[in-house]
1. When you scan the range 61-177 for strands (runs of 3 or more DSSP E) that lie fully inside it, which ones turn up with 1 or more residues that are hydrophobic (A, V, I, L, M, F, W, C), exposed (fewer than 14 other Cβ atoms within 10 Å of the Cβ) and modelled with pLDDT of 95 or more?
2. Of the residues that sit in the range 537-572 and are in contact (Cβ under 8 Å) with a residue 60 or more places away in the chain and open to solvent by 10 Å² or more (accessible area, probe 1.4 Å), which one is nearest to residue 656 (Cα to Cα)?
3. Would you pick out the residues in the range 1-22 that are in a helix (DSSP H, G or I) and either at pLDDT 90 or above or open to solvent by 30 Å² or more (accessible area, probe 1.4 Å) (or both)?
4. Looking at (1) more than 16 Å from the ligand (Cβ to nearest atom); (2) buried (at least 24 other Cβ atoms within 10 Å of the Cβ); (3) not in a helix (DSSP H, G or I); (4) not aliphatic (A, V, I, L, M), which is the only condition residue 388 fails?
5. Looking at residue 287 and the list (1) buried (at least 23 other Cβ atoms within 10 Å of the Cβ); (2) not in a strand (DSSP E or B), which single condition is not satisfied?
6. Quick check on my filter: what residues within the range 245-262 are open to solvent by less than 20 Å² (accessible area, probe 1.4 Å), away from the ligand (no atom under 16 Å from the Cβ) and touching a Ser or Thr at 6+ places or on another chain (Cβ under 9 Å)?
7. Is it true that some residue in the range 597-619 is modelled with pLDDT of 95 or more, under 26 Å from residue 717 (Cα atoms), among the hydrophobic types (A, V, I, L, M, F, W, C) and surrounded by 15 or more Cβ atoms within 10 Å (Cβ to Cβ)?
8. Working only within the range 245-283, note down all residues that are assigned to a helix (DSSP H, G or I), touching a helix residue (DSSP H, G or I) at 6+ places or on another chain (Cβ under 8 Å) and in contact (Cβ under 8 Å) with a residue 24 or more places away in the chain.
Amino acid sequence: MNSISFFDEVERIRQTQQPMASQGTGSVAIGTPLTRIDALAKVTGSARYAAEFRQDGLLYGVVVNAAVARGRIRSIDTSRALALEGVLDVLTHLNRPRMRSLDLFYKDMTAPGGSPFKPLLDERVHYSGQPVGLVVATSLELARLAASLVDVAVDAEPHETSLHAGLARAREPSHLKVGYTPPPQTRGDAHGALLTAAHTVDAEFYAGVEHHNPMEMHATTALYGEDGHLTLYDKSQGSQNCRWIVSRVFGLPKDKVTVRNAFVGGAFGAGLRPQHNLLLATMAALQLRRSVRVVLTRQQMFTFGHRPETWQRVRLGADAGGRLTAMIHEAAAETSRKEDYVEVVVNWSSQLYPCANARFAYQVVPLDQHSPMDMRAPGAAHGVHAIEVAMDELAHAAKLDPLELRRLNYAHRDGGQDLPFSTKALKQCYDEGARRFGWDRRLPLPRSRQEGNEWIGWGMATGTWDALQMFARVRATLSASGQVLLESAATDIGTGTYTAMAQIAAAELGVPMEAVTFKLGDSRLPVAPIQGGSAHVATVGSAVHGACEKLKKDLLRRARKMDPAFAKANVAALTLRDGRVSCAGTGASLPLSAVVACEGADHIEVKYLLLPNALRQRKYVRAVHSAVFVEVRVDEALGAVRVARVVSAIAAGRIVNPVTARSQIIGGVVWGISQALHEETLSDHAIGRFMNHSFAEYHVATNADVPDVDVMFIEEDDRIVSRFGAKGVGEIGIVGVAAAISNAIFHATGRRIRSTPMTPDKVMAPLADEGWSAMSKRAT
Ligand code: MOS
């Protein structure tokens, strides 16, 4: 690396990463609370997002969407749009640039099995809202106007968008996704055990469609370079995944495409797969040899995937003392006709509670929809909800405290795989969370507390999610002045990655935060996975940790050559504080600049490849856990549910930064409240389209819906999952929240609601209108 460009680059990046003055100079460790280092850049607007990059002559693309759910395009009349001055082109399947047609070129790193959607490939319409054209004009306003003038005639074919109506076609997934774990094997005789159980539960659950609504809409700014090089600023959870797909679909050499995503305004799974705006902006840039920006509207955020509509049935049996003797958990969820999008829904039950007689089943129902998509804690958000409400029902049937029932049925090993957990501090989450909440003062019977018009209820639930580690490479460069640059094609979708990675490095090297710069969000950087599955800290963080250790080893090797006092020094005790390489406890110390320069260069560069130790990891179940306690206040006359208090106790390994980690959990809890009470995208099945695709009608929790959220971390030290004991906290915060709210509503009112969202109509409705019957009512 050229040293001048290196320092320029560091300075440029540093301008977006400024530790708050109060916390910059001190020493940091794993666990030091730090405000995020990109906060200033974000609140002052200097952090730029995909749709904020500009260039002279930039063109604007606006997507034209199909208005039928299934059919063939007969004709597209673009004449009225093209007649407007300033409209350069309307791309459709008839005039698009060359692109490949085989499935394999469209399979991104997170694609489920089957045939991926290919925008503008041909005349087929697979779902309502599908992009069928892209208008390109000199201004956004003009492009939007022109898009409204494009006339698309479609020969419609019969469609099916209702899970309920399609349930008869439910089948096992025929293609499996990488990383998908099929339901656990049947054990014992669950049906037989149900017949002889002292207490039983048989409950059906229904969850409506939810759409991702990050603050930042999906967007791509495609900058067309003089040499034909494409720089694509994209709202994505993985720049390399996007780069890979663009170069394959258009047959471009990989060094002709760069994807950048240094700042992402939330994604929650919507940015795991490259979205159609990326391919459309690229298409237009290639066609016109100009730079083009495509931003989806809020309405169009409802046109590329969603949390799938899901039906579940849970049957539980227990002996007189409350120990589980039978468990049957079945689920059926929608997918598209083209791909088998699959989620792990029923496996969590097997992992959470030991039971000798158990059956699990998971099926999919292909519909005329875009393939569903991962959304924060995909599968667990539904599956854990069902088992945790069913457990509450069992507690009520067995006249046991709900928390006591969980303690009675605590899994010390995973029953399905018969493996130990790498770490599992769930018991402490139960204990500490209950103490903080005051759970021991809970009155056992529902409908026991009323204040004014409100019934007050307390509910709890367990949460769990995977503790994953993938592979990643980090390049670490140390300058003679003690500046450290770390680089990896990781992503920070708002989770605090910049801060956490810099903190891991600062802690490992013994340098202040200002000495560290972490560069991410560029497909040219060393390989990193998509930011998904709550795996970045254990993955990229471990690679950072490894790279820093490698740097220290190299420094020690050099120091030993320069000064015999380092002969007995070890890497663990080495620090880089105050411009000196020192070894604690030995008095050995040398100027850092001299050690770095001793072999002639003005910096040291190392690379570290983190590969998970699969052989060791396979011997354990690796998961994070939570216990969620909720107080609700229910006004029965209005059907209104107010969440008054939440305590979320989280066991997710060592916490790198309690400030950003807490923020992740709060975000998850807020979404759990939203999932429980507000969010649902409703279809008009007669036309096969999502109808409430706006914030006026698609409700998300706002400040007024969210009380103070009390987050507690129960520390674990998990060296199976990561090099330094951390797991991940991106997803666990949402899991179990909706169940705890449902259970609290039951405790408040005596009314069991088994479908989400628990809207006022359901709160007021009689018991029989829940679960499966609620779904039948909805089917049109
Ligand atoms: Mo997450 S749903 O893995 O982005």
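The values are calculated or read from the model by the stated rules, or taken from the named source; none is laboratory data. Not measured: the values here are computed from a predicted model. Here the Cβ positions follow ideal geometry from the backbone for every residue, glycine too, while neighbour counts run over all protein chains shown. For the accessible areas, the whole protein counts, side chains as well, though only heavy atoms, and no ligand, DNA or RNA atoms are used. Shrake-Rupley method; radii C 1.70, N 1.55, O 1.52, S 1.80 Å.
1. Values: elements: 71-77, 87-91, 131-137, 151-156.
Passing ranges, in order: 151-156.
2. Looking at residues that are in contact (Cβ under 8 Å) with a residue 60 or more places away in the chain and open to solvent by 10 Å² or more (accessible area, probe 1.4 Å), I get 537.
3. Taking the range 1-22 and keeping what is in a helix (DSSP H, G or I), we get 3-14, 21-22.
Within the range 1-22, 3, 4, 5, 7, 8, 9, 11, 12, 14, 21, 22 qualify.
4. (3)
5. (1)
6. Listed by number, the residues that qualify are 246, 249, 257, 258, 259.
7. Checked against the condition, which is being modelled with pLDDT of 95 or more, under 26 Å from residue 717 (Cα atoms), among the hydrophobic types (A, V, I, L, M, F, W, C) and surrounded by 15 or more Cβ atoms within 10 Å (Cβ to Cβ), the range 597-619 yields at least one hit.
8. The first filter runs over the range 245-283 and keeps only residues assigned to a helix (DSSP H, G or I), leaving 245-249, 254-256, 276-283.
Then keep just the ones that are touching a helix residue (DSSP H, G or I) at 6+ places or on another chain (Cβ under 8 Å); that gives 245-249, 254, 256, 278-279, 282.
Listed by number, the residues that qualify are 245, 246, 248, 249, 256, 278, 279, 282.
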